[in-house]
Amino acid sequence: MELFPKIFPSVLLLLMATIGLSAFARGRFGHHVWALLIFLNLIAFGLYVSANAFTGRGIDESVIVHLRLGLGGAAFGDYAGMMIWGAIYILFSIGISLLIWDILGGQRLETSRKLARWVPLSSDNRPYKLLKRAWMWRGLAIGGLLAATLINPFTRDISALVSPQGSDADALEGLAFFKPLQEIPEFQGKNLVYIYAEGVERTFFDEERFPGLMPRLSRLERSSLHFTNIKQVYSTGFTIGGIVASHCGVPMFAPSERNSMDQYDRFMDGTFCLGRILHQNGYRSRFIGGANIKFSGKDKFFRTQKFEAALGHQELLRSGRIEHVNFSRWGAPDDVLLDEALVEYNDLVATGDPFALFVLTLGTHPPQGNPVPTCEDIIYETGESPMLNALACTDVLVDRFIKKIQSLPGAENTLIVLGSDHLMMPNPTTRLLRDMPRRNMLMIIDPTKPAPREIRRSGSPLDITPTLMTYMGTPLSEFGFGRNLLDESHKTFVQAFGSRTRDVLQRIEPSVQPVLWAFPRLDKGLVVDIDAGMLRAGEREMALPVLLKLTSNGQIADIEFDSPFYTRRRDHFLRSMAPGENILWVVPCARLARWVPEYKGKDGARAGKGYDGPVCLASGIVADPVEESRFRIEPLEQGQHIDVSDY
């Protein structure tokens, strides 16, 4: 019912506009246009409701990020019911639109004729009886449709993403707060075991609302250094967003809006995150999680940050140690996952090198949790809520895992960090959290400092790495947008911006993106690998076809990869350019035959259709207007070197 007030005004206006349409529909194509607009509005409602089921906020940044990261590895089977209802809704939308089309266009169907007798839409029951002038009805209808579209929650959310709130002064202040790490500090601290508990927010420790739900982790928190005011900020409310924020001190700012992130060979290569800091100081870092490691780009992120291994459920299966385990749609159950994490821990201890082991649980993943066979007897209260049962199970399993770590060799030199990856995503249980101040969980368990301590300072996942590094013996006051929570002399981002935090981060995102997603250097030129479909710049790879926009000193200013939406039509391709830009476009020659009129292929013969032709390089300065641009065309061969200084 909480969606009703968001959707109802737009639906009501849409209905009223349709009823007042008669004068407008008398034109030759009016009923076609109106039926199409009705259909698009209905689909927009459906998309909003679907997104809201995952985010609780409608269409927010997490929807866009996951669409661009790719959905490979997601457990769509858990949402089979939603997909069935979605299919039914699409058919319903088509049916309603066709019915309106027939009512307005000719009333061929008996149903249309019956409705027209009591709805003032037909030629026999025109609303002119109430308003004599046709143009009034036309204006009311068009105005109602525009208003319905503008207040459609889908439109509002997309508009908020495209045009963030906040002033230029806010943006400048936010950019001044950004302090990327310039060089990696040297240190030699304890080993680290970091446990991300999927969606286990600190709110579930509330004994008044959830008596006896998580007694073990609550008790563990009270005996450790714990942070009780960790808020969720823009683009950190999903797993990869929470991991990136806690490792790098920045939200999950995606690259250029025209590209999918799976087209990048590296993930946020332009920033020093926790993994690189540890690697530079001789640490061996590993990640293990029960889900698909490729989902949302986790594999590329950890590989870019110099982890020696990143394991997901496919890697666990290939290990041969858990071949008899029944995996759920999302992946390995937490009891198996945590046992495998102990194997990784013992292996790392045996190396004698300092190490960091990161573990991501899966048992409390929406919508109903990920079943754990050994927890079948663990139920919370009446047992009617699968998610509350899953939380009770996580309380037992994570507590048991931490105690096992503490009993193993190397424990005396190992810090254990337990935290949320993000607040719990919408599911039937989150309705119990609506009126509560929701906070992420974060605690540091140190065998050498058992005295408990509570930090109430307002912070966010952005502050975790500078706080952890400082605690481990290397003072790090500023780290991206993060600040050391143990040092009161520096305000955190949420302290500095308060209620403006989301708007400021969203507004400065385009300015920070190029810093985080560092482009390859072209000092040694480019090499074309036609067989592999790659353009190489040193150790970096770019999938073909690729459009490079160059700076005045011959480096990459922007990259645009192949896209079915932007490069398969000449006007979209040209629209991505600006007058004066210097471009290098490596693309199948057959493509150029359609986009660059002066190109006729080798020996003057026009290139054939398709994508199997030779690869060509189009280069030149974009003209003004861009449609008049003329480019230098060169066929390329396997392994050919391109000296960028020639262009």
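The values are calculated or read from the model by the stated rules, or taken from the named source; none is laboratory data. Computed from a prediction, not measured in an experiment: that's the story for all the values here. We place every Cβ from the backbone using ideal geometry, glycine too, and count neighbours over all the protein chains shown. In case anyone asks, the SASA skips ligands and DNA or RNA and just uses the protein heavy atoms, side chains included. Shrake-Rupley method; radii C 1.70, N 1.55, O 1.52, S 1.80 Å.
Using mean Cβ contacts within 10 Å as the protection proxy, how do 495-506, 393-404 order, highest first?
393-404, 495-506
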Q) Which distance in nm do the two modelled labels at His490 and Asp339 give, with both placed 7 Å along the Cα-to-Cβ direction? A) 4.3
Q. Given H placed on each backbone N at 1.01 Å, which residues far from Ile455 in sequence or on other chains put an amide H within less than 5 Å of it?
A. His226, Phe227, Thr228
Q | Selection from Pro426, Asn553, Pro466, by position along the positive dipole direction of region 408-561 (Cβ) | A | Pro426
**Q.** Radius of gyration and Dmax over the Cα atoms of region 402-479, both given in Å
**A.** 15.6, 44
Q: Quick one: which residues, 5 or more positions from Ile195 or on another chain, have an amide H under 5 Å from its amide H? H modelled 1.01 Å from N in the peptide plane, none for Pro or chain starts.
A: Val359, Val417, Leu418, Gly419
Q) Taking the Cβ of Gly166 as the center, what net charge do the other residues with Cβ under 14 Å away carry, scoring Lys and Arg +1 and Asp and Glu -1? A) -2
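Given the peptides 306-316, 334-344, arrange them by the average over their residues of other C-beta atoms within 10 Å, most packed first.
Going by the mean number of other Cβ atoms within 10 Å, highest first, we get 334-344, 306-316.
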Q) For region 32-44, in order, what is each residue's ³J(HN,Hα) by Karplus, 6.51 cos²θ - 1.76 cosθ + 1.60 with θ = phi - 60°, in whole Hz (x at glycine and Pro)? A) 5, 4, 5, 4, 5, 5, 4, 4, 5, 5, 5, 5, 4
Q: Could you check the simple spin-label distance between Val527 and Arg434, using points 7 Å along Cα→Cβ, in nm with one decimal?
A: 6.1
**Q.** Computed lengthening from Leu172 to Glu454, 0.36 nm per intervening residue step minus Cα-Cα distance
**A.** 98.2 nm
Q) So what J values fall out for region 459-468 if you push phi through Karplus, 6.51 cos²θ - 1.76 cosθ + 1.60 with θ = phi - 60°, rounded to Hz, Gly and Pro as x? A) x, 8, x, 4, 8, 6, 5, x, 5, 5
Q.
Given the whole protein assembly as supplied and a 1.4 Å probe, what does the accessible area of Lys231 come to in Å², nearest 10?
A. 70
Q | Per-residue HN-Hα couplings for region 181-193 [Karplus 6.51, -1.76, 1.60; θ = phi - 60°; Hz; x = Gly/Pro] | A | 5, 8, 8, 7, x, 8, 6, 9, x, 6, 5, 9, 10
Q | Overall form of region 465-533 per C-alpha gyration tensor (a/c, 1.5; a/b vs b/c) | A | oblate
Q.
Greater than 29 Å separation of Cα atoms is the criterion. Which listed pairs, Lys179/Lys404; Lys403/Lys491; Lys404/Lys449; Lys300/Lys549; Lys294/Lys524, meet it?
A. Lys179/Lys404; Lys403/Lys491; Lys294/Lys524
Q: Roll a 1.4 Å probe over the protein heavy atoms and report the accessible area of Asp646 in Å², nearest 10.
A: 100
(Q) Less than 11 Å from a label point 7 Å out along the Cα-to-Cβ axis of Met82: which backbone N atoms in region 361-404 qualify, by residue? (A) 366-368
Q) Check Phe272: other-chain or 5+ apart residues with amide H under 5 Å from its amide H, H built from backbone geometry? A) Leu181
Q.
If DNA, RNA and ligands are ignored and the probe is 1.4 Å, what is the ranking of Asp168, Asp421, Asp265, Asp624 by accessible area, most exposed first?
A. Asp624, Asp168, Asp265, Asp421
